[in-house]
Structure formats: C-alpha cells, structure tokens
Amino acid sequence: MVIKRISLKQFRAHEESVLAFHPGLNIISGPNGTGKTNILEAVHYLCLTKSFLTSNDRYVLRHGAPFFEIIGDFESSTGQSLVVRIAFLPGEGKKIFVNGVHVPRASDFVGRIPVVVFSPDDYVITAGGPEERRRFIDTIISQSSRIYLDDLIRYRRTLKQRNELLQSIKRRRGPMHSEQISSWSRELVDIGSRIIHSRLLFIERFSRLLDEACRRIGSEIEEPRIFYRPLSGDAKLGDVEEIKEVFSNVLQKCAHREWERGLTLAGPHRDDLHFELDGMPVRRFASQGQHRTFGLALKLAQYSFLLETVEEPPLLLLDDVFDNLDHTRIGLFFSILHESEMGQSLITAARKDIFGELLGENSDHHLDIRETIASEV
Amino acid sequence: MQFTSESVETLVEQFSRLPTIGRKTARRLVAFVLKMPRDQVELLASALIAVKDRVIHCSNCFTVTDTDPCPICSSAKRDSTTICVVEEPGDVTAIERTHGYNGVYHVLGGVISPLDGIGPEDLRIRELLARVQNSSITEVILGVNPNVEGDTTAYYISELLRPFDIQISRLARGIPIGGNLEFTDEATLGRALESRVAV
C-alpha cells in the first residue's frame, strides 16, 4: 500500500496542511516542534484509526480547535485507490469514511492498510514490562486476522465483567456466586484459549522471520530466540481443546486467590513472551545497544510477517530512529529500505545531513516540512 | 435569546428525552405536531397513556401484553412444551415475525452483566426454572444475543437446566440469509466456518 497524499486539519501542530508523498523513500525533515512526527501519527490514524503515541483522541486535537480531520489517498499494489477520511469531534467521537462510505466499527477497517512503526521507543519491547510484549504481538496478529481482533475485544469485555463480579463479591463479603463465576470462566476460557492458540501459531512463524531479520541488519545478535509459555506453565500445548483444559484447571487452582484479590489471575492477559540471546534472557542481560538492535529486528520481522500474510506491502513509518544509530548502521538500514520487496517508507529526522550521500539525487523524495506546508497550502 | 412559546420548548424537551432523538429531530417533530389536526394529536396522546395504563407483563412468560396470560401463552395452537428464552419483549416480536416458531417464550428482562450491576437474581431465571419444573417442557431454546454477556447467561442457564431431562439448544450464528459472502465481515464469516454443518 502506498499513501499518495495526506491532508490534515486541526491535527496537533497542523492547522491545515497538505503533503504529497513519493511511492518510495520519503524523508521529512525540519526543526523540532514543526510537526514531523505528527504526520506519521496522522498516517497511523488512517491505517489503524488510532495514534501510536496516545490512546486519547482529544490529545491530538489542535489546542482550542473544535474538531480534527485527516484525509489520505492510498493506492494498493494492484492499483486500487482508497480514500480514507477520519474526523473527530469531542463528544461525538471518531468517524471513519472509506471511499466516502461511513464505517461504523473501527474493527471492520483495521488491517486493510498494513503498517509498521519504527520508533526510538522500540527497545521497550524487550526491556519493558510484559504488557509491551503483549501489545507488540497483539498489534501484529490483529492486523492480519480479523477473528483475532474480534476475540481480543470480546476477551477484554469478558475480563472486565468477570473482574467486576469478583470485586463485588470482595466488597460485599457476600456469597461466592460460584455458578456465576464459572459461567464467566467458561466464556473467558473459550475466547482466551483461541487467543493463546493464535499466539502460539504466530510465534512459530515469527521466530523464523526474526532470525532472518537479525541476519539482514548484520547484527552481532546470534541465535535470537522467542518463547511463549502461556498460562505460566511449561506444558506443551497443542490444539484449542487442550489449551481449554489447561486454562480451566489453572483458573480452578487460583480460584481462592481470585476471590481474595477480586481479580482474574490467569489467562492470555497475564502471559509474557520471552526473548533469549545465545541462551540468556534479553530482558535482564542485554546491553542498551542490544535492546535497540533487537527492537529494530523485531520490527523488520513484523514487516515480513505482514507482507506474507496480508500480501500487501505495509507502510513503514520511521520516527527519529536514525538519530541513535551510527553511520554504518544507517547505511545498512537504508539499503534494506531500498530493497525491492520493501514498500513505501516515511522517515522523520531533525536534520537531513545525517544521511549524507545516501540520499540519491532522483530516487528519493525529500520534504522539508516548513517549505512543503508553506508551498502546498 | 427569547422563546416565543414555553409550550413548544417543553415538548421539544420531552421529545429529546427519547432514545435516538436529538434536539434537532425533536424540533422537527414538534413542528409536525403543530400542523397535525387536533383529533390525531389526541390519538397519539391517548396511545401513549394507554401503553402505560394497559400494558402489563404476562405472568407466565413476562412479555408485554394487554391480557394476562398473553395471547401466545393462552393459545391452544402453540406448542407449550418448547420454550424460547429471550432477553427483551422486542425479541419475541422479532422471532414471531419469522412465522417459523410455534413454541412459547420466556422473557428474561436482560442478561447477566456485573458491570451494570445485573446478576442472575435480577433476571427472571427462577421463574424459568419453575416453569420447567412444573410443566412438561421438552426443549429450551436459548435465544440470547451472541455477545459475551449473552454467551455467559446462556451457559449459566444451561447449567441450571442440566439436571432436567430436556433438550437445550442455542440459536446458530453465521451468515445472514440473502447476505453475500463477499460482504460478510471476516469475524462473522470465520465463526460461520467454525460452526459449519454437514450437508
């Protein structure tokens, strides 16, 4: 998928901006605070109906403005054009229009325009808490499977309901309501087991791609390994039925603690992913540089996974990732972005001179944000 | 700003309390009412009062009715050994419109939802059990909505009904009739594939 043009109204720093993009590499440069990252954020909105920086739509609204609007013209690899419009009004929420037709549920649209974001925060995937890793894989699988996204939404709702029930039992010190809890448990286990199963299948495919990605960026990382041990057990889990059985047993075992704490204590919402490097856990033993390289490799692997699954080259959004890389890495990464299977990329950088002679005369497209906005509006 | 008619404003206020009616629509409705002949307005007003005064819940199935028991429960033509359990009276109307169901109903009055403070004791589940216990029921169809609350309520009821020797079923989920595979969303299509049936 390629974005040809974007127009922003009252979005973050942009009062009204129109930008045209090159189908290959795009460098967006300009001083801090001129809204470079906001452009990537707006493109991300058009792909996944949300920001990659905040979960609150209000924060991206330009200060004091009554609404914001983003319009993007996309073109698929088969030449189909797709015009996406997202408008947000506080109090009324977000509305999504695809080729002029209102799409009532965001989940019906997510996945049509695959996207991968590279950001300086990517090291948190390996260095941060388990929720970062869950979010990482959930975002990828959701973009490639509508059923997975639907299951995630249903699982969250079930979890909320079940926790509320456990809480109310705790508050009132009332009866255990074990029949009602077990009804919620059954729904939790039904949906949760499907989620765990999808994650296991995903990890199987993803490890191969991660291996490849590490080799491509010529990193010092040897034998990266990724594990997913659901339900904090060591059992080798096979099909959904088997997972259901294990999940129900685990829930039964922690039933008493759940009543005490008023919280659901087992399930895919508490699982973690483990990364290893030459047999050592990355989270504890990797250097900062290794976390960064690992983050880069994970995102490249994400790109390959989406390309394989969705069969449409994802958009690449690279937010200030080059500032922390040395010159050799920048060169290597650039040559990867130039490979034929890579689609369009939008890159922000405070200064374009860090790219040096890497920027060819004709092949690349360079947007100086001050000039672009001034000239095109 | 000054209102020229306090009565108009009051009616706008009242209309806009109804679901899906905003202030703009409320104004349009009021403008229309102003142009209606007086006898028609009277019909509308008395119809509103009548639903409050005359409509009661059937003491057997708890749907809305003017007579107790309701016409469905008291009909000799209906098969009273099959009960279809639904959430709201509106669901009874929906299933009746199919002309494909000849059993009777049981309206729960909602679904289990701790977030809304609704537990099984707030629904008419005890009454359903009493019906199954006291009359010769052979099948219970759980016609609740296919969301997590509906699923859980269905599990909960089916567990309570397990000791009785009756058939328990749930409505199938899948592609709408007359729908087009191409335009069915992937989640629905995926579930329909999962619960495919042999031919």
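Of the helices (runs of 4 or more DSSP H) entirely within segment A:231-338, those holding at least 3 residues that are over 22 Å from the mean Cα position of the chain (by Cα) occupy A:240-253, A:255-261, A:327-337. Just to be sure before I move on: is A:Glu187 within 12 Å of chain B (Cβ to nearest Cβ) and charged (D, E, K, R) in the structure I sent? Yes, satisfied.
Yes or no, residue by residue, for (1) under 20 Å from the mean Cα position of the chain (by Cα); (2) closer than 15 Å to A:Trp259 by Cα; (3) more than 9 Å from chain B (Cβ to nearest Cβ):
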{"site": "A:Leu149", "(1), (2), (3)": "yes, no, no"}
{"site": "A:Leu159", "(1), (2), (3)": "no, yes, yes"}
{"site": "A:Glu164", "(1), (2), (3)": "no, yes, no"}
{"site": "A:Pro175", "(1), (2), (3)": "no, yes, yes"}
{"site": "A:Gln180", "(1), (2), (3)": "no, yes, no"}
{"site": "A:Leu200", "(1), (2), (3)": "yes, no, yes"}
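Restricted to segment A:263-305, and to residues there that are aliphatic (A, V, I, L, M) and in contact with an Asp or Glu (Cβ under 8 Å, 6 or more places away or on another chain), the residue that is farthest from A:Ser248 (Cα to Cα) is A:Leu296. B:Gly100 meets each of the listed conditions (1) farther than 27 Å from B:Asp122 by Cα; (2) modelled with pLDDT under 95; (3) open to solvent by 80 Å² or more (accessible area, probe 1.4 Å) apart from (3).
Among the residues making up segment A:126-177, those that are among the basic types (Lys, Arg) and either under 29 Å from B:Ala192 (Cα atoms) or in a helix (DSSP H, G or I) (or both) are A:Arg133, A:Arg134, A:Arg135, A:Arg146, A:Arg154, A:Arg156, A:Arg157, A:Lys160, A:Arg162, A:Lys170, A:Arg171, A:Arg172. Taken over segment B:67-79, the residue count meeting the criterion of being surrounded by 13 or more Cβ atoms within 10 Å (Cβ to Cβ) and touching a helix residue (DSSP H, G or I) at 6+ places or on another chain (Cβ under 8 Å) is 2.
Which residues, taken from segment B:169-194, are open to solvent by 60 Å² or more (accessible area, probe 1.4 Å) and in contact with a Lys or Arg (Cβ under 8 Å, 6 or more places away or on another chain)? B:Arg173, B:Glu186, listed by residue number.
Restricting the first member to segment B:170-199 and to residues that are closer than 18 Å to A:Ser145 by Cα and within 12 Å of another protein chain (Cβ to nearest Cβ), and the second to residues that are open to solvent by less than 90 Å² (accessible area, probe 1.4 Å) and part of a helix (DSSP H, G or I), the beta-carbon pairs closer than 6 Å and six or more apart or on different chains are B:Asp185/A:Asp108; B:Glu186/A:Arg146; B:Ala187/A:Arg146; B:Ala187/A:Ile147; B:Ala187/A:Asp150; B:Gly190/A:Ile147. Give me the residue from segment B:56-97 that is among the charged types (D, E, K, R) and touching a residue at least 40 places away in the same chain (Cβ under 8 Å) and, out of that set, farthest from B:Tyr156 (Cα to Cα). Filtering segment B:56-97 for residues that are among the charged types (D, E, K, R) and touching a residue at least 40 places away in the same chain (Cβ under 8 Å), the one farthest from B:Tyr156 (Cα to Cα) comes out as B:Asp91.
Among the residues making up segment B:93-118, a single one is among the acidic types (Asp, Glu) and more than 14 Å from chain A (Cβ to nearest Cβ): B:Glu96. Scanning segment B:80-96 for residues that are surrounded by fewer than 16 Cβ atoms within 10 Å (Cβ to Cβ) and charged (D, E, K, R) yields a single hit, B:Glu96. Is there a residue being assigned to a helix (DSSP H, G or I), open to solvent by 80 Å² or more (accessible area, probe 1.4 Å) and either touching a Gly at 6+ places or on another chain (Cβ under 6 Å) or more than 10 Å from chain A (Cβ to nearest Cβ) (or both) anywhere in segment B:134-154? Within segment B:134-154, one or more residues are assigned to a helix (DSSP H, G or I), open to solvent by 80 Å² or more (accessible area, probe 1.4 Å) and either touching a Gly at 6+ places or on another chain (Cβ under 6 Å) or more than 10 Å from chain A (Cβ to nearest Cβ) (or both). When A:Leu82, A:Leu89 are checked against the criterion of being closer than 21 Å to A:Gln10 by Cβ and either touching a strand residue (DSSP E or B) at 6+ places or on another chain (Cβ under 6 Å) or open to solvent by less than 80 Å² (accessible area, probe 1.4 Å) (or both), A:Leu89 stands alone in meeting it. Condition check for B:Arg162 on (1) open to solvent by 80 Å² or more (accessible area, probe 1.4 Å); (2) of a type in the set (Lys, Arg); (3) modelled with pLDDT under 80: one failure, at (3). Cβ-Cβ contacts under 7 Å between residues 6 or more apart (or on different chains), taken from a first residue in segment B:101-121 that is under 15 Å from A:Ser168 (Cα atoms) to a second residue that is among the charged types (D, E, K, R) and open to solvent by 30 Å² or more (accessible area, probe 1.4 Å), are listed as B:Pro114/A:Glu164; B:Leu115/A:Lys160; B:Leu115/A:Glu164. When residues in segment B:111-131 are screened for being open to solvent by less than 10 Å² (accessible area, probe 1.4 Å) and farther than 20 Å from A:His177 by Cα, 0 of them pass. So which of A:Ile195, A:Ile125 is closer than 30 Å to A:Asn324 by Cα, open to solvent by less than 50 Å² (accessible area, probe 1.4 Å) and of a type in the set (A, V, I, L, M)? On inspection, the qualifying residue turns out to be A:Ile125.
The values are calculated or read from the model by the stated rules, or taken from the named source; none is laboratory data. As the structure is a prediction and not an experimental result, all values here were calculated from the model. For neighbour counting, all protein chains shown are included, and Cβ atoms are generated from backbone atoms with ideal geometry for every residue, glycine included. Accessible surface areas use protein heavy atoms only, side chains included; no ligands, DNA or RNA. Shrake-Rupley method; radii C 1.70, N 1.55, O 1.52, S 1.80 Å.
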